[in-house]
């Protein structure tokens, strides 16, 4: 990668996002800049100051307020980084809306889709063009993002889809939730399944357009699964957390992917877990028992 690199992490006030910023700041050089972003000005400012004061921090750390659901704001930030720095080297899209098991999935659908999907589309469209050669554009998804986790009736909407088609499918899903026809059409009640599949499909769509030139320059676009992470967002959903990683542990594999030179063709455009690609067509729909989901 180039000297004086620019890295950006969304959803970085806490949890995995915060751990990713800490890891980037420790492993990048003093000339590099890591941007910690989130919606709340106070939390962003405090988190950036705290990371900047950690003993292992080497790179500069700055906080930037960014509401990823504001597509114009995402576009402006990408344009600003292009104008001021000639582009960006690392973008990790990590923001997620927190929904608890006791909450209505349908009532929270708009917020969840806006944060997880509309924002992902905006980041791919806005930061893809300003990603410098050798850069990394990663979307944090999960192993639930493989196509087999969807009802067979819905898989054609995402398999081999363009980014425009993924966006259309997501809005069709949103409309079905509002019209109360989602379950009849095969959409699962749990928002996380179609949301993650759509995230991975969106990454695959962008990667398909850029593959040849990105591999020639060592650039990597991919979705990533960090595995089970013990965070406030994920803990309520699982009955067994004995194998969960801390955010710092989960960040380590992602940071290796970010900071390793070159782009492995077998990983490009794929959903990557612990350094290996997952089969896009794998998976089965999860089963819900007593409000807890078992993949």
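All of the numbers you see were taken from the coordinates with simple rules; none came from a lab. What you see is a predicted model, and the numbers here were worked out from it, not measured in a lab. All Cβ positions, glycine included, derive from the backbone under ideal geometry; neighbour counts span all protein chains shown.
Things worth noting here:
- Principal-axis analysis of the Cα atoms of the chain puts helix 15-27 at an angle of about 30° to the longest axis.
- For the chain, built as a Gaussian network whose Cα springs stay under 10 Å, the top-fluctuating residue of 249, 14, 183: 183
- When Cα extents along the principal axes in Å is calculated for this entry, the matching label among (1) 51, 48, 34; (2) 54, 39, 34; (3) 55, 43, 36 is (2).
- Between the helical axis of 41-52 and the longest alpha-carbon principal axis of the chain there is an angle of about 50 degrees.
- Gaussian network model of the chain, Cα within-10 Å springs - most flexible of 26, 119, 202: 26
- Angle in degrees between helix 163-179 and the longest Cα principal axis of the chain, rounded to the nearest 10: 50
- Take every DSSP beta bridge whose two residues both sit in the chain; close to 15 percent of them are antiparallel.
- Highest-fluctuation residue, 79, 50, 270 considered, GNM on the chain with Cα pairs under 10 Å: 50
- Computed [θ] at 222 nm, helices only, for the chain once each DSSP H run of length n ≥ 4 contributes -39500 (n - 2.57): -12000 deg cm²/dmol
- Shown for 112, 274: other C-beta atoms within 10 Å of each C-beta, ranked fewest to most, produce the order 274, 112.
- Projected label distance in nm at residue 75 and residue 4, using a 7 Å step from Cα toward the beta-carbon: 2.8
- Cβ crowding within 10 Å averaged over residues, with 150-157, 187-194 ranked highest first: 187-194, 150-157
- Computed E for residue 266/residue 106 - FRET, C-beta separation, R0 30 angstrom, nearest 0.05: 0.20
- The distance between label points at residue 211 and residue 281 comes to 1.5 nm (points 7 Å beyond Cα on the Cα→Cβ vector).
- The ranking of 266, 219 from fewest to most other beta carbons within 10 Å of each one's beta carbon is 266, 219.
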